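Asks: I have a structure here, written as structure tokens, and I will follow up with some questions on it.
The values are calculated or read from the model by the stated rules, or taken from the named source; none is laboratory data. What you see is a predicted model, and the numbers here were worked out from it, not measured in a lab. So basically every Cβ, Gly included, is an ideal-geometry build from the backbone, and we count neighbours across all protein chains shown. Quick note on the areas: whole protein, heavy atoms, side chains included, nothing else; ligands and nucleic acids left out. Shrake-Rupley method; radii C 1.70, N 1.55, O 1.52, S 1.80 Å.
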Amino acid sequence: TGYSSLSSLHRFPLDGLKIDRSFVTNLSERKDYMAVVHAIISLARHLGMTLICEGIERADQVVLLRTMECDLVQGYYFSRPVDAVAAEAFIEKQLSRQAMAA
């Protein structure tokens with residue numbers, strides 16, 4: 001095993017942290033991953049940073065990360081990678097659905 005430094009949190013003008021999909025994939029099965037994700041979320045909160053989790057592929061991951069107060073999530077559960085035009089159409093469609101539901 002090795003050690004890594006968190007010094008970049010103070011050296012660079014960061015406004016957010018991203019949790020790698022490797023932690024999210026097995027989040028509900030691995031208590032050690034859950035502890036790491038919880039610690040990163042706590043760190044982001046205390047530093048006033050936005051947190052994003054990548055690699056979301058299932059609804060249960062979304063629910064779990066919401067309960068852990070993760071700010072943003074991304075992954076195939078929502079959409080495969082798309083170009084800018086398709087992304088804009090996707091966002092407009094989602095906003096229309098939300099407006100109709102309200």
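Asks: Multiply the residue separation of residue 35 and residue 76 by 0.36 nm, subtract the distance between their alpha-carbon atoms, and state the gained length in nm to one decimal.
Replies: Details: separation 41, 0.36 × 41 = 14.76 nm, distance 2.39 nm.
12.4 nm is the gain from fully extending residue 35 to residue 76.
Asks: Would you mind checking which residues have amide H under 5 Å from residue 19's amide H? H placed 1.01 Å from N; only 5 or more apart, or other chain.
Replies: Excluding prolines and chain starts, which carry no amide H, the hits are 52, 53, 54.
Asks: Something else: Could you please state, rounded to a whole Å, how far the C-alpha centre of segment 25-47 is from the C-alpha centre of segment 72-99?
Replies: 26
Asks: Considering only protein heavy atoms and a 1.4 Å probe, what is the carbon-and-sulfur percentage of the accessible area of the chain? Let's see the in-between values first.
Replies: Details: 4390 of 7590 Å².
In the chain, the share of accessible area belonging to carbon and sulfur is 58 percent.
Asks: Also: Under a 1.4 Å probe, what is the accessible area of the chain per residue, stated in Å²? Working shown, then result.
Replies: Values: 7590 Å² over 102 residues.
Here the per-residue accessible area is 74 Å².
Asks: Across segment 84-93, in residue order, what do the Karplus-derived ³J(HN,Hα) couplings come to in whole Hz, using 6.51 cos²θ - 1.76 cosθ + 1.60 with θ = phi - 60° and x for Gly and Pro?
Replies: Per-residue couplings from phi come out as 4, 5, 5, 5, 5, 5, 4, 5, 4, 5 Hz.
Asks: Go ahead and estimate [θ] at 222 nm for the chain from helices alone: -39,500 (n - 2.57) per DSSP H run with n ≥ 4, summed, over the residue count, rounded to 500.
Replies: Working: 5 runs with 52 residues, N = 102.
Calculated at 222 nm, the ellipticity per residue is -15000 deg cm²/dmol.
Asks: Roughly how many debye, to the nearest 20, is the charge dipole of segment 28-102 about its Cα centre, given +1 on each Lys and Arg Cβ, -1 on each Asp and Glu Cβ, and no other charges? If you can, show how the numbers build up before the last one.
Replies: Numbers: 8 positive and 10 negative charges, 36 e Å.
With only Lys, Arg, Asp and Glu charged at Cβ, the dipole is about 180 debye.
Asks: Another question about this same structure. Once you have a ≥ b ≥ c as the square roots of the Cα gyration tensor eigenvalues for the chain, tell me rounded if a/c is under 1.5, and otherwise prolate or oblate according to whether a/b is larger than b/c. Can you show the working numbers first?
Replies: Numbers: a/c = 1.99, a/b = 1.58, b/c = 1.26.
Note, shape of the chain comes out prolate.
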